[in-house]
1. Would you order 372, 175 from fewest to most other beta-carbon atoms within 10 Å of each residue's own beta-carbon?
2. Under the classification rounded if a/c is under 1.5, otherwise prolate if a/b is larger than b/c and oblate if not, where does region 321-466 fall, given a ≥ b ≥ c as square roots of the Cα gyration tensor eigenvalues?
3. Quick one: angle between helix 288-299 and the longest Cα principal axis of the chain, in degrees between 0 and 90, rounded to 10, please.
4. With angles folded into 0 to 90 degrees, how steeply does helix 160-171 sit against the dominant principal axis of the chain? Use alpha carbons for both and round to 10.
5. What ranking do 327, 420, 197 get, fewest neighbouring Cβ atoms within 10 angstrom at the top?
6. Calculate, in whole percent, how much of the Cα-Cα pair population of the chain lies beyond 37 Å.
7. In square nanometres and to one decimal, what's the mean projected area of the convex hull around the Cα atoms of region 141-182?
8. Roughly what angle does helix 334-346 make with the longest principal axis of the chain, taking Cα atoms, 0 to 90 degrees, to the nearest 10?
């Protein structure tokens, strides 16, 4: 049964069956065969999931017979802590000679990072920008540590299937320590799924789709995802603005629908009320119908009536009658937002404006502060306060490439810098992953980075439109406190 499961690539189940067979066997020859099979399975697998608990049912003699070859494989992979734990089952430890050999081997081994990016095709320029930033980070690591590092490019051509095939081969590679890439959310999703149950760490630098890192326990996402934009704004509205009610006017683009759902669910979870949700089409220019529908809900008056009769009997133009709500959340693209925002102002729908990354555009700022009304928006794409890491990158980048690094170069730089800083006593996949998970408040070239429970960057910058420009909310708050 174990052999059959192994042939089907169901390694974990095969190992369990081998252990059961080993427990029940009374034959010396069969015992040797089982141990040899387990050793082969461990050597060929990308990770070993066997623990001390799995060995509890074995006799002490069988435990010790098995732990020796297993610990040797751990040692070969540089996973010293796992080797120590498995040897402790039989009261053993790694010998001084083995420790010396491990230290010598690890000190000579270069850190090898695979750059899985589009190096040809329509997305080539984006892939090369990330790669160039990684090269700068590698140069700095060599100078700072005196250790070797290899940056190896692999061309995905921007194709998710190609990315998956490359990552699947790297997962079983004996030399690759980590992956930076792929570029797009589609590539990142399939690559992350390929790494499920594997040990190869992968930092996806630029993709912003939510949920990528939930497909694998070794995937990390450097750019804050689109749902985090909405969650951060919902928390700001409820906690900082003391908002109890909100209306949502959103584009019907898929990403904006996801943002709307994330905002709506989180705001309700916090205790707020979503009064109305309106979706407009990508070709819409006149948003009056959507705004009037919202006003009719807020005012309790049908939109098919031109005039509104007040309680005092006065006749008022319904479209010009003021309607109030605590906040108005508006995910969208700049082209439509620059038409939507003035129309909301014209129809006298009043509330604190909240926006997503589409608001980070000069065409929005130029509408004027009387129209944008001090809107707060979230965006991971704007260049915030220049960090020391960015200054280091910029100087080296200009010297090497003769130009200023863009955001993608900063992301490639940060990904490699984080991997280099995650190298502990030895270079191995497990320790790299564990150390990356501990990253909090890292001020990188691309911005602040803190990995959450699912290894996604939880740092989402918020901006305020002030004097026809976007100003970091953190910087504004510091100025006020000072």
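Each reported figure results from applying straightforward, stated rules to the coordinates on display, with no laboratory input. Nothing here was measured: the structure is a model prediction, and the numbers come from that model. Glycine also receives a Cβ, built like all others from the backbone with ideal geometry; neighbour counts cover every protein chain displayed.
1. Taking fewest neighbouring Cβ atoms as first place, the list is 175, 372.
2. The shape class here is prolate.
3. 80
4. Roughly 30 degrees, rounded to the nearest 10.
5. Values: 327 26, 420 21, 197 14.
If I rank by nearby Cβ atoms, fewest first, I get 197, 420, 327.
6. Working: 49378 of 115921 pairs.
In whole percent, the share of Cα-Cα pairs in the chain beyond 37 Å is 43.
7. Details: hull surface 13.7 nm².
Average projection, Cα convex hull of region 141-182: 3.4 nm².
8. 40
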